[in-house]
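The values are calculated or read from the model by the stated rules, or taken from the named source; none is laboratory data. Everything quoted here is computed from the prediction, not taken from an experiment. Reconstructed Cβ throughout: ideal geometry from the backbone, glycine too, with neighbour counts over all protein chains shown. What goes into the accessible areas is simple: the full protein's heavy atoms, side chains included, and nothing from ligands, DNA or RNA. Shrake-Rupley method; radii C 1.70, N 1.55, O 1.52, S 1.80 Å.
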Amino acid sequence: MQRFFLHFAVSLRRHRRLTLLLFLGLTLASGFFAVQSRVDNSLAVWQSNDDPHWLQYQQFVARYHIVDPLIVYLPGIDLLELEDTADALKTQTRAESMQSLAIHPLSGEEAGLFFVFPKAESSPGELATLLTEVEGVLQQQGIPYHLGGVWYLTTLLDQLSATSTQTLFPVVLAILTLGVILLVRNARNVILVLLCGCIPALQITGVMALFGVKLNMILLALPPCTMILGIAHAIHLVSKKPDAAHPDGISLFAEVAPPSLLSGLTIMIGFFSLYFSNYLPIQQLGLWGTVAGALSLGTSLILLGLLFEPAPCRAIPLPQTFVPFMARHRLPLAGLFVALIIPAGMGISHLQTGSLILDFFADTATVRLHYQQIENAGIGLTPFEVDLEHSQLNNAQLRAVFNEFASAHTEVTQVIYTFADGTVIGEASEHGTRLPALLSLTRMEDRPQRATVLLKTVASEPTLALAEALEVLLQQRIGQQPHPYVTGSVPLYCRGQKQLFTSLLTSFATAFVPISLIMGLALRSVHFAILAIIPNILPVFFILALMGWLAIPLSVATVTVASIVFGIVVDDTIHFLHRLQAATKISASTADRLHDTIHYAGPAMVTAAVISGTGFLGFMASPFTPLRHFGLLISGALWLAIFCDMVLLPLLLLSWRRA
């Protein structure tokens, strides 16, 4: 393998000008498409086209021409102000239609309630424009207001994602640049290392845009993640010093490239394992993460093979007494790891598998205040849609069914019945604010086509449990039918959340087996492959435990951490064991081989882990809470992994009789 990469580097340098021109052309093309990248967190982004629940909801929306409204709650407003505000909203916004109600919420004060309907099939950009127009009118009127609704949340998520796109990459780049400058020192190699990260990050953004893939709150983490991976590949090479066996850049490249190739493959497998999830956003991250891993590996190998020349580097050194210290204190150090496993197991037992959509926003976010104020007033903001097309119950019987459900569940605030002629009748539960109505459901001759059950916002698991409880009740009271009565955007979201825990187990198992096999085959040693797995399983185990102790739930971002971490942290272990194999030819003593390995590969491993781990901390600049969790967890995992590689792995080697 070293001979192949030696010829590879020589060939690249022989055709340096052509290679650079091709690389520049590809980079410019990627940049052209990258600037056209767009953000979209609408409901369709998170659904599989063959999901029967999604297909049913689309048919339901098309049949009844359903458009989710923006809900505007105006506390303390009188009738005159309500009329003035209604006139302003009609004339100064692009709303398709609007309904205004004067209500008396649970607090007892007068209030106004608006349902602002956008045009059907409005794009995310059009919804954002309408939201801006509505807020502008309300601010112009000088009245307090609170907003809510399904597309209100998705629009805010789009805005958060766009903000993250603008801030996340520059912050991560600034952190990485500072770390590379401090530790690499040589100006030429600093630029080379940063190019190994920035170019594949630009490429993956451009490729996704070329294929029409819009960034959502999960995929927007991919460009900075790609940049970190590319820089980590480069650090392993630029941190090496020439010696008698490797006196120049080409021979050093040929020495480091094989373990870099192997570690790149494991990263790609870690990402690709996510493709086997049943949840579309995780599948997309798996597919495009694999492409990103290939781009970061390929770009690094080409640029380093083409341009690398050895130069002095401030790689983090390790003390000469490191291995003797490990040998003398094997039992206490091993006991430390065993002791940590017990609280880690307790943390995993506390791992939460459901999340509240409002948890995507910061605790101080305005949207949280809006939802709290509206729902405290007795108006639920979580809608369940119920298809009553085949119901044969009369209106009194139908009302009794929904009253039975509302009596059993305090989250229900209102039930809104919609008729074929456009008539709408709203009835409140004992926990909700009464809506004014000129008509009574029981006095209507026609049956309603559909009903909307409004509930207070709770986490995804209890929300899905409520939807399933309502479905069971309707199947019993109205009659059995093959397709569900209950549908809507919120149940669809909650079903996706329910699949996350299954995705975690499936993706990790899918990553674990092939990565273990590849390491065993590449290192040509089952014994090395087993040793490599142990110190890399523990960081995953500890990170999941940390999620449990910190009450970080499994979300569309954090559920991917286990598989991605396992693919990434194996990187340092591969470089360690690859060098150890080479050292075996020089010395028969385990301690001598470890000393050679730790002082040859160790500084680059520690340097790469410090720079990469600190780079992932840049995700804390994102306003999107799950992304902050994602960066924090992967950063912690990288530091745990280097600790396990530098402490636990030598302990295992010192204790293994065959080592």
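Listed values, structure above:
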| quantity | calculated |
| --- | --- |
| Between helix 526-549 and the chain: long-axis angle, C-alpha atoms, 0 to 90°, nearest 10 | 40 |
| Sorted peptide list for 256-269, 418-431, criterion being average Cβ within 10 angstrom, highest first | 256-269, 418-431 |
| For the range 100-145, average projected area of the Cα convex hull in nm² | 4.1 |
| Rg over Rh [alpha-carbon atoms, Kirkwood Rh] for the range 240-286 | 1.35 |
| Translational diffusion coefficient (Stokes-Einstein; Kirkwood radius from C-alpha pairs) of the range 263-316 at 25 °C, 0.890 mPa s, in µm²/s | 193 |
| Relative packing of 325-334, 81-90, which averages over residues the other C-beta atoms within 10 Å, highest first | 81-90, 325-334 |
| Cα-based shape type of the range 8-133, given that a ≥ b ≥ c are square roots of the gyration tensor eigenvalues and the cut on a/c is 1.5 | prolate |
| Degrees separating the helix 561-584 axis from the principal Cα axis of the chain, which is the longest one | 0 |
| 10 °C / 1.306 mPa s Stokes-Einstein diffusion coefficient of the range 68-110, Kirkwood radius on C-alpha pairs, µm²/s | 139 |
| For peptides 567-577, 440-450, sequence by mean Cβ density within 10 Å, most packed first | 567-577, 440-450 |
| Gyration tensor (alpha-carbon) shape descriptor, the range 126-173, a/c threshold 1.5 | prolate |
| In degrees, nearest ten, helix 124-141 long axis to first principal axis of the chain (Cα) | 60 |
| MRE, 222 nm, helices only [DSSP H, n ≥ 4, -39500 (n - 2.57), over the chain, to nearest 500] | -21500 deg cm²/dmol |
| Reciprocal mean inverse distance between Cα atoms of the range 287-385 - Kirkwood radius, Å | 21.3 |
| Given (i) 24.8, 81; (ii) 37.9, 124; (iii) 29.3, 96, the label whose value is Rg and Dmax of the Cα atoms in Å derived from this model | (iii) |
| Whether the range 312-450 is rounded, prolate or oblate, judged on the alpha carbon gyration tensor where a/c under 1.5 counts as rounded | prolate |
| Portion, in percent, of the accessible area of the chain that falls on carbon or sulfur, probe 1.4 Å | 62 |
| Beta bridges by DSSP in the chain, antiparallel share as percent, to the nearest 5 | 95 |
